[in-house]
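Before any comments, here is the structure.
The values are calculated or read from the model by the stated rules, or taken from the named source; none is laboratory data. Because the structure is a prediction, the values reported are computed rather than measured. We place every Cβ from the backbone using ideal geometry, glycine too, and count neighbours over all the protein chains shown. Protein only, heavy atoms only, side chains kept; ligands, DNA and RNA dropped before computing areas. Shrake-Rupley method; radii C 1.70, N 1.55, O 1.52, S 1.80 Å.
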Amino acid sequence: MEKLTTSEQLNSFIDSHDTFLFDCDGVLWEGSNVFPNVREAMQLLRSKGKKIFFVTNNSTKSRAAYLEKFKKVDIEANLEEVFSSANATAAYLKYVVKFPADKKVYVVGMAGITQELEAEGIRCFGGLDDAGAHDVDEIPDDPEVGAVVVGLDIHINYYKYCKAFTYLHNDPKRLFLLTNADSTFPTHGTIFPGAGSIATPLMTALERQPDAILGKPRLNMLESILAEHHLDPKKTCMIGDRLDTDIDFGNRGGLTTLCVLTGVTKENKLKSEDNTIKPTYYVDSFGDFASLSN
Ligand SMILES: O=C(O)[C@H](O)[C@H](O)COP(=O)(O)O
Ligand SMILES: [Mg+2]
């Protein structure tokens, strides 16, 4: 594990890779605040003809909505470069599970999940529709429910938990899927509970683990990107801020990995004895690359 600090180190890192996979929260931005010099560093990679992909576990937005965000914060991106745990979950239901057309998905999460499921032709309900407080007196079972999907939900409430619990408790054959299991995510100058912490109360109440967790470190998104774009893993780097998702994902996928210290991982944690997930390299911020000449 080597810290990149000098321009020689930074240059040689960039020159030894053709493709860069970027995590978003904690690497590019916190909320809508892009970290200093990140835009310029992204521009440098583009000017060097590097391939760029965005691989986020954040399922709150669809890929199209992410594209809007990239435009709004003035970071160049196009749709086929964006991969999210919401789309990975929708693709899993469609192509792996072959989710039946007469069934529907109850969503504990936000528009990113419902929009990506609908884009794959999968019927769903819940999501933002259940954001307001509701009376838990009336939560009937629904025989059409075939799965419950859980992701980061900043409008979580007891009613949603009771509905998701009812469907999975009444028929354990129904699929229980998480878009991702991040325990926290960087926001508002601190860290808040992430998707994994939204799902834990359900897992406790049901005494059940999810049937699948579709985001990083699971390799399905990486396999899609490598196959679709004929990439060489040895010339590809995963840049992330979370060890147990981004860096584990890149390491197990045979990529070089670069951990940045602008997100959930701080240097003392990275270097601590009990850390078993080590990146190839680490750097204070991805913005540090902006100082390089073209
Ligand atoms: O679900 C979560 O906890 C957050 O969306 C998490 O931060 C994932 O975002 P990423 O760092 O993968 O962009
Ligand atoms: Mg992150």
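Being closer than 17 Å to Lys61 by Cα, without any contact (Cβ under 8 Å) to a residue 12 or more places away in the chain and either surrounded by 20 or more Cβ atoms within 10 Å (Cβ to Cβ) or touching a helix residue (DSSP H, G or I) at 6+ places or on another chain (Cβ under 9 Å) (or both) narrows it down to one of Asp129, Asp153, so name that one.
Answer to the check: Asp129.
Give just the number: which of (1) in the same structural domain as Thr257 (by TED's automatic domain parsing); (2) farther than 26 Å from Thr184 by Cβ; (3) assigned to a helix (DSSP H, G or I) does Ala64 not satisfy?
(1)
Go over the candidates Lys173, Lys160 one by one and state the one that is more than 11 Å from ligand 1 (Cβ to nearest atom) and open to solvent by less than 10 Å² (accessible area, probe 1.4 Å). It would help to see each step written out before you state the result.
Details: Lys173 fails: open to solvent by less than 10 Å² (accessible area, probe 1.4 Å).
One residue alone meets the criteria, Lys160.
Being within 21 Å of Val82 (Cβ to Cβ) and open to solvent by less than 40 Å² (accessible area, probe 1.4 Å), is that true of even one residue in the stretch 278-286?
Within the stretch 278-286, one or more residues are within 21 Å of Val82 (Cβ to Cβ) and open to solvent by less than 40 Å² (accessible area, probe 1.4 Å).
Inspect all residues belonging to the stretch 134-157 and state whether any of them is modelled with pLDDT under 95, in contact with a Lys or Arg (Cβ under 6 Å, 6 or more places away or on another chain), on the phi < 0 side of the Ramachandran plot and in a helix (DSSP H, G or I).
Residues of the stretch 134-157 that are modelled with pLDDT under 95, as a first pass: 134-140.
Filter once more, so that each one left must be in contact with a Lys or Arg (Cβ under 6 Å, 6 or more places away or on another chain): 139.
From what is left, the residues that are on the phi < 0 side of the Ramachandran plot are 139.
Checking which are in a helix (DSSP H, G or I) leaves us with none.
Taking every residue of the stretch 134-157 in turn, none turns out to be modelled with pLDDT under 95, in contact with a Lys or Arg (Cβ under 6 Å, 6 or more places away or on another chain), on the phi < 0 side of the Ramachandran plot and in a helix (DSSP H, G or I).
For the stretch 248-261, indicate whether the set of residues that are exposed (fewer than 15 other Cβ atoms within 10 Å of the Cβ), on the phi > 0 side of the Ramachandran plot and of a type in the set (Gly, Ala, Ser) is non-empty.
yes
Cβ-Cβ under 7 Å, sequence separation 6+ or interchain: first residue in the stretch 239-254 and more than 17 Å from Asn220 (Cβ to Cβ), partner open to solvent by 20 Å² or more (accessible area, probe 1.4 Å) and near ligand 1 (Cβ under 10 Å from one of its atoms). Which pairs?
Asp241/Val264; Arg242/Asp182; Arg242/Val264
Quick check on Ile225: is it closer than 27 Å to Lys94 by Cα, away from ligand 2 (no atom under 15 Å from the Cβ), in contact with an Asp or Glu (Cβ under 7 Å, 6 or more places away or on another chain) and part of a helix (DSSP H, G or I)?
no
Is there a residue being away from ligand 2 (no atom under 16 Å from the Cβ), free of Cβ contacts under 8 Å to residues at least 60 places away in the same chain, over 23 Å from Glu68 (Cβ atoms) and not assigned by TED's automatic domain parsing to the domain that holds Ala227 anywhere in the stretch 105-115?
yes
Being of a type in the set (Gly, Ala, Ser) and more than 16 Å from ligand 2 (Cβ to nearest atom) is the filter here, so list the residues in the stretch 140-189 that pass it.
Gly146, Ala147, Ala164
Output the number of residues of the stretch 24-47 satisfying the condition of being away from ligand 2 (no atom under 16 Å from the Cβ) and open to solvent by 60 Å² or more (accessible area, probe 1.4 Å).
Going through the stretch 24-47 one residue at a time, the tally reaches 6.
Could you check how many residues of the stretch 176-194 are within 13 Å of the chain's Cα centre (by Cα) and open to solvent by 30 Å² or more (accessible area, probe 1.4 Å)?
Counting residues in the stretch 176-194 that are within 13 Å of the chain's Cα centre (by Cα) and open to solvent by 30 Å² or more (accessible area, probe 1.4 Å) gives 4.
Of everything in the stretch 48-78, what is open to solvent by 60 Å² or more (accessible area, probe 1.4 Å) and either within 16 Å of ligand 2 (Cβ to nearest atom) or under 11 Å from the mean Cα position of the chain (by Cα) (or both)? Give them in sequence order.
Residue satisfying the conditions is Lys61 alone.
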